[in-house]
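Report on the following structure.
Every read-out reported here was derived from the displayed coordinates using simple, explicitly stated rules and does not represent laboratory data. None of these values were measured; they are calculated from a predicted model. Methodologically, a virtual Cβ is constructed for each residue, glycine included, from the backbone with ideal geometry; neighbour enumeration extends over all protein chains shown.
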Amino acid sequence: MIPIIDFDRLIEQHLRRESWPKTPGRYYPSEIGGCMRKIWYSYKYPVEIDSDRIKIFHLGNMLHDFIVDVLKSEKTPEVELLNSEVPFKIQIGEITVSGRVDDLLLVKAERKEYLVEVKSTKWLEGAKEPNTVHEMQLQMYMHGLGVYNGLLLYLEKNTLKSNVFEIPYKPALAQEALKRFRALHEHVTQDKLPLPKARLQDALRWQCSYCDYREKCEQEGQRKNI
Ligand code: SF4
């Protein structure tokens, strides 16, 4: 039977959005801890985000709004939300690094300010320790905003259970991120393909399972034997 209202179609229409090619010189903290070759491909060969992935992103945003409600609630007086969706921008020579910090949270008990990055996950057991990509993102925010305490909050989508990790500021990791931005810019502007780091290291290879450019990357590897 054909439904009177096709809600799948309505949801897709509602979430549909234009995608724009990325601009060389403008980079993002959320990406910099990941495979540099993948980021490079995303500048050279932009791909449309399919409707299933747009829905997953939207669900993540809905969960983020839920955490904001929890932090703002009168029922949670031990924390105070100072700000959310804090814009972030730093300039490194001709490079602009910009993003948005999910929440700036003040924990009243310790009179201490924390930057909080919220990540939704479908499997909390898989988030038993901070993900290196997420940690580098948070280090970049702490470095740029001068708030030197971070929290990485993983929230399971279908249970609302969470794991939280306290992340102290590590200047060396923030410097490593800055170095990576410079290297990425050089590769993008000089049209030099970076090495497939994720594919070459056991601990990073999981990133290839979520990569839109896996086939292209492997073909390149066969050509050059890497
Ligand atoms: S397939 Fe792996 S190594 Fe290749 S670009 Fe993607 S993440 Fe990087």
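Counting only GluC sites (Glu not before Pro) that DSSP places in a loop and that have at most 15 other Cβ atoms within 10 Å, the longest clean stretch of the chain runs over 95-226. For residue 150, nonlocal amide neighbours, meaning residues 5 or more places apart or on other chains whose placed amide H falls under 5 Å from its own, are 115, 167, 169. Under 16 Å from a point placed 7 Å out from the Cα of residue 182 along the Cα-to-Cβ direction: which residues of segment 84-106 have their backbone N that close? So the set is 91-97. When you filter the trypsin sites (Lys or Arg not before Pro) in segment 1-32 for DSSP loop state and at most 12 other Cβ atoms inside 10 Å of their Cβ, you are left with 16, 17.
Looking at segment 105-206, the trypsin sites (Lys or Arg not before Pro) that sit in a DSSP loop and have at most 14 other Cβ atoms within 10 Å of their own Cβ are 111, 122, 128, 161, 192. Comparing Cα centroids, segment 48-109 and segment 158-192 end up 17 angstrom apart.
Only helices enter this figure: runs of n ≥ 4 DSSP H residues, each worth -39500 (n - 2.57), summed and divided by the residues of the chain, yield -12500 deg cm²/dmol at 222 nm to the nearest 500.
Close amide H pairs (under 5 Å, H built 1.01 Å from N) link residue 35 with no residue at least 5 positions away or on another chain. Shown here for segment 123-226: chymotrypsin sites (Phe, Trp or Tyr not before Pro) in loop regions (DSSP other than H, G, I, E, B) with at most 14 other Cβ atoms within 10 Å, namely 123. For a label point 7 angstrom out from the Cα of residue 189 toward its Cβ, which stretches of segment 15-51 have the backbone nitrogen within less than 12 Å? Within reach of a label on residue 189, which here means backbone N under 12 Å from a point 7 Å along Cα→Cβ, segment 15-51 contributes 24-26.
Extent along the principal axes, Cα only, for segment 28-156: 48, 37, 24 Å, with the longest axis given first. At the listed q of 0.15, 0.16 Å⁻¹, the Debye profile of the chain, built from one uniform point per Cα, gives log10 I(q)/I(0) equal to -1.15, -1.28. Working note: Karplus 6.51/-1.76/1.60 with θ = phi - 60° gives segment 80-92 the couplings 10, 7, 7, 6, 9, 6, 6, x, 9, 8, 10, 10, 10 Hz, where Gly and Pro are set to x. In segment 20-224, a dipole from Cβ-located charges (positive for Lys and Arg, negative for Asp and Glu) runs towards its positive end, and of 168, 43, 109 it is 43 whose Cα lies farthest in that direction.
Segment residue 94..residue 128, full-extension length gain: 8.5 nm, with 0.36 nm per residue of separation and the alpha-carbon distance subtracted. Neighbours of residue 152, meaning other residues whose beta-carbon lies under 9 angstrom from its beta-carbon, give a summed charge of -2 when Lys and Arg score +1 and Asp and Glu score -1.
Comparing mean-square fluctuations of 32, 54, 167 from a GNM of the chain with C-alpha springs under 10 Å, the top value falls on 54.
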